[in-house]
Amino acid sequence: MAAAWPLSAIAGILPASLSLTLLLATLVSILVLGAAAFFFEHIRKIGCMHSLERSAVSDAFFEDPNSLKKVPCPSVLDPPEKYISLIVPAYNEEYRLPEALTETLNYLKRRSTADKSFSYEVLIVDDGSTDGTSKVAFSFVKKHKIDNVRVLLLGRNHGKGEAVRKGMLHSRGELLLMLDADGATKVTDLEKLEAQVHALAKKAKSSPGTSTSSSQNLSDVEVAVFGSRAHLEKQALATRKWYRNFLMKGFHLVVLLTAGPGIKDTQCGFKMFTRAAARKLFTNIRLKRWCFDVELVYLCKRLRIPMVEVSVNWTEIPGSKVRMTSIMHMVFELLLIKVGYGLGIWKIGS
């Protein structure tokens, strides 16, 4: 039996250009396979972490600066104790948070004074801030008492998605609203979302062939309402740099391919959920940073949770943490959604 030819002998009879091409093709193949292996391992790890988080017993608590006692965190699985919970994710928001919280709490106090059945809580989730965000937040707890204002400290920075998830899982409201710490959307616009939630819940209760009964509480009906800035797009296009418009258009196209049509503005930080909807969505969500909003839309479709988009007033506030490099991170996370759920690596619990 003839001995196998050594690679050096084979390379010797091949043209130099062909040898170089084969070498480059081999290197590219190795790099592609390595990147694919890393990508799928990353998806698998996210799935494993999510499984552990779902099965873990929460030992989180709220600190009461007035009594110096630790208040156990409630669970979204428990019955509601308030009409509405406002979840405010905050990372290094020492300067923008005070004005937004003051406006929000003044509005909530006015409503509760006019309507005794209107009860509320504001939950500030400090996502590992390195400035005085927690000090500012606790000053509002001291002033308004821990029954109305609570601060959840995450210790280190996880990302906005994780801050919102933690807040949702430890809220007490029938309705749960997420809103940004900069106050870009007026808190009074929650009434627009609130009206749509009631309208969709009423429709769901009256629809034949559904498991929802007319006697069910609002918190038991699954509804999601997303605030939208889509009506302001023309104005934004006119004022932004051309390359930002190009990147945002490209991002919107990738979002459309990932989550499908239905919601024009997935990234608006003003969203409302019934307790039942939040329970399903935020026990399933995986992404912790930029594109958790897109994942919410995807999950609503997969879980058949009714959702609607409502125009809200919005003002750009200086101090945004979104950078040009964030776009690439967003695209990567959108790919995670497509592959993770598309290939069945990420399972959706009911």
Just to be sure before I move on: is Cys268 at pLDDT 80 or above, surrounded by 21 or more Cβ atoms within 10 Å (Cβ to Cβ), in a helix (DSSP H, G or I) and touching a strand residue (DSSP E or B) at 6+ places or on another chain (Cβ under 6 Å) in the structure I sent?
no
Per-region count, the stretch 289-316, residues open to solvent by 50 Å² or more (accessible area, probe 1.4 Å), in contact with a Gly (Cβ under 9 Å, 6 or more places away or on another chain) and over 19 Å from Ala204 (Cβ atoms)
5
Step by step: first the residues of the stretch 75-103, then only those that are in a loop (DSSP other than H, G, I, E, B) and within 20 Å of the chain's Cα centre (by Cα), then the one that is surrounded by the fewest Cβ atoms within 10 Å (Cβ to Cβ). Which residue is that?
Leu77
Consider the stretch 104-128. How many of its residues are more than 23 Å from Ser219 (Cα to Cα) and either surrounded by 22 or more Cβ atoms within 10 Å (Cβ to Cβ) or of a type in the set (A, V, I, L, M) (or both)?
2
Subset of the stretch 170-192, residues part of a helix (DSSP H, G or I) and surrounded by fewer than 22 Cβ atoms within 10 Å (Cβ to Cβ), comes to Val187, Thr188, Asp189, Glu191, Lys192
Could you please give the count of residues in the stretch 106-163 that are within 21 Å of Glu194 (Cβ to Cβ), outside any strand (DSSP E or B) and charged (D, E, K, R)?
5
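Here's the yes/no breakdown for (1) at pLDDT below 95; (2) over 12 Å from the mean Cα position of the chain (by Cα); (3) closer than 27 Å to His231 by Cβ:
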| residue | (1), (2), (3) |
| --- | --- |
| Arg286 | yes, no, no |
| Asn313 | yes, yes, yes |
| Thr325 | yes, yes, no |
| Val331 | yes, yes, yes |
| Gly340 | yes, yes, no |
Residues of the stretch 274-303 that turn out to be more than 16 Å from Ser75 (Cα to Cα), in a helix (DSSP H, G or I) and charged (D, E, K, R), as a count
4
So which residues in the stretch 160-193 are in contact (Cβ under 8 Å) with a residue 40 or more places away in the chain and of a type in the set (Asp, Glu)?
Glu162, Glu174, Asp180, Asp182, Asp189
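The values are calculated or read from the model by the stated rules, or taken from the named source; none is laboratory data. Here the structure is a predicted model, which means the values were calculated and not measured. For neighbour counting, all protein chains shown are included, and Cβ atoms are generated from backbone atoms with ideal geometry for every residue, glycine included. Note: accessible area is taken over every heavy atom of the protein model, side chains too, but ligands, DNA and RNA are not part of it. Shrake-Rupley method; radii C 1.70, N 1.55, O 1.52, S 1.80 Å.
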